[in-house]
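See structure below.
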Amino acid sequence: MLARVSGGTMRIGFGLSLAMLFLLSVAVQPARPQGKDAVERQLDALFLEVTTANDPGCAVLVKHGGLKVLEKGYGVRELRTPTKIDPHTDFRLASFSKQFTAMAVMLLIRDGKLRYEETLTEIFPEFPAYGQSITIRHLLNHTSGLPDYEELMEKEEKAKGPIWSSEHQIQDDEVLALLEKPSVARFPPGSSWAYSNSGYVVLGIIIRKASGMPYRDFLQKRIFFPAGMNHSLVYQKGINEIPNRAFGHSRQDGKFVETDQSSTSATLGDGGVYSNLEDLSRWDDALENHLLLGEKEMAPALEPVKLADGSEAHWPKEAGEDNATPGKPVSYGFGWFLDSWEGHPRMYHTGSTRGFRTVIERFTRDGLTTVVLCNRLDLEPQALAEKSAGLLLRTQTQ
């Protein structure tokens, strides 16, 4: 009995001591700056204004100084169920995926399995002669002059009738076969700049050939697993499944309809990655901490492209679907656009495909990253990301 009472007294005393220590710690802990709370409320209001609870929407990540200021979903993953978008919801990244393809190529170059100046005909001996001067570097920075594979698809279908659809999608090797039909490039490699999905599809095939494993497995082994991106994947129908999947949507006659897949949704290196806010925060950390490549090894990806004559690159003069600002200067590295926004240097990439629009913006000098993933086409993720960044950057200077 005495021992039991004694023991009980000790437990109560220990509990009181912990309680006192907790109260003391709360008393001396600095309060979170009110400005940060105000910014979080402003960020939340920004996205609440453009979304509704029961419609497709977006997932938003804002990080500042390595801390998450906002990580939240708005709207639903799909119209068939009321499942809400959250930080674990996987979105199709579309061209946002190109930074992962570029990273994979750079890892293989570090491994000694590829070279920046290696040409298409060295890698694919059967490739037409126009590939003799197209290098991996040209593919990475969009100066290859490869024909647009979607234009080649249209030409093929005009000659032969319908071939591809959302049910029968074009595959990577079919893209390569189409690119082997022309005898000339769009322009001499290095002489001009044109955003090229063709180039990044080919890079995906090169990754497969150089590594000896499927593109999806290489990204899983060398990027997603080391970075702790446990729910990111390269989706291939019939081979794997997407966890917590968001489906793409478009507005038609004032209503949302599911528009998730197209005839080109199965290509890999140009846009096949699915990911979520939790994993993309880890990706941001991996880049910040040089987890996959050292700072010097990563440097080529962050060097703005120069043409062969040393001049500045420009978007093509003629308007087109993949031509954001015709005739204007463009700064691109390997899988990243590089410029300044309101005087703040950034690296970023957008993505757009049937039913999805996405963006990541990293203001590295300011320690600020914004990610906006939308499963509807009528939102402007880059504009929303920039508004979000502006709120944080203004707070930073106050």
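Any chance region 159-181 includes a residue that's part of a loop (DSSP other than H, G, I, E, B) and on the phi > 0 side of the Ramachandran plot? Yes; the residues of region 159-181 include at least one that is part of a loop (DSSP other than H, G, I, E, B) and on the phi > 0 side of the Ramachandran plot. Which of (1) assigned to a loop (DSSP other than H, G, I, E, B); (2) open to solvent by less than 10 Å² (accessible area, probe 1.4 Å) does V201 not meet, given it meets every other one? Checking V201 against (1) assigned to a loop (DSSP other than H, G, I, E, B); (2) open to solvent by less than 10 Å² (accessible area, probe 1.4 Å), the one that fails is (1). Taking the listed residues L61, L67, L79, the one that is touching a Pro at 6+ places or on another chain (Cβ under 9 Å) and open to solvent by 30 Å² or more (accessible area, probe 1.4 Å) is L79, with no other qualifying. Somewhere in region 298-307, is a residue more than 26 Å from D148 (Cα to Cα) and at pLDDT 95 or above? Yes, region 298-307 has at least one match. Looking across region 117-130 at every residue that is open to solvent by less than 40 Å² (accessible area, probe 1.4 Å) and in contact (Cβ under 8 Å) with a residue 40 or more places away in the chain, the one that is farthest from A301 (Cα to Cα) is identified as P128.
Listed by first and then second residue, the pairs linking a residue in region 374-398 that is in contact (Cβ under 8 Å) with a residue 12 or more places away in the chain to a residue that is open to solvent by less than 10 Å² (accessible area, probe 1.4 Å) and assigned to a helix (DSSP H, G or I), with Cβ atoms under 8 Å apart and 6 or more places separating them unless they lie on different chains, are C374/P381; L384/F47; S388/L43; L391/V39; L391/L43; L392/V39; T395/V39. The set of residues in region 234-292 being assigned to a strand (DSSP E or B), open to solvent by 10 Å² or more (accessible area, probe 1.4 Å) and either among the β-branched types (V, I, T) or under 25 Å from E71 (Cβ atoms) (or both) consists of R245, F256, V257.
Tell me yes or no: at least one residue of region 320-338 is outside any loop (DSSP other than H, G, I, E, B), at pLDDT 95 or above, among the aliphatic types (A, V, I, L, M) and open to solvent by 30 Å² or more (accessible area, probe 1.4 Å).
No: region 320-338 contains no residue that is outside any loop (DSSP other than H, G, I, E, B), at pLDDT 95 or above, among the aliphatic types (A, V, I, L, M) and open to solvent by 30 Å² or more (accessible area, probe 1.4 Å).
Does S211 meet the test of being out of contact with any Ser or Thr (no Cβ under 6 Å at 6 or more places or on another chain), open to solvent by less than 30 Å² (accessible area, probe 1.4 Å), of a type outside the set (D, E) and at pLDDT 95 or above? When the stated conditions are applied, S211 passes them. Among residues of region 82-93 being within 16 Å of F47 (Cα to Cα) and under 19 Å from the mean Cα position of the chain (by Cα), the one that is most open to solvent (accessible area, probe 1.4 Å) is D86. If you go through region 119-155 and pick out every residue that is of a type outside the set (V, I, T), closer than 16 Å to Y200 by Cβ and not in a helix (DSSP H, G or I), you end up with 7. The residue that is farthest from the chain's Cα centre (by Cα), counting only those in region 140-195 that are surrounded by 15 or more Cβ atoms within 10 Å (Cβ to Cβ), under 29 Å from V330 (Cβ atoms) and of a type in the set (S, T, N, Q), is S192. For region 361-398, the tally of residues that are among the small types (G, A, S), closer than 24 Å to R282 by Cβ and open to solvent by less than 30 Å² (accessible area, probe 1.4 Å) stands at 3.
The values are calculated or read from the model by the stated rules, or taken from the named source; none is laboratory data. Bear in mind the structure is a predicted one, so any value in this text is a computation, not a measurement. No Cβ is skipped: glycine too gets one built from the backbone with ideal geometry, and neighbour counts run over all protein chains shown. Heads up: the accessible areas ignore ligands, DNA and RNA and are worked out on the full protein's heavy atoms, side chains in. Shrake-Rupley method; radii C 1.70, N 1.55, O 1.52, S 1.80 Å.
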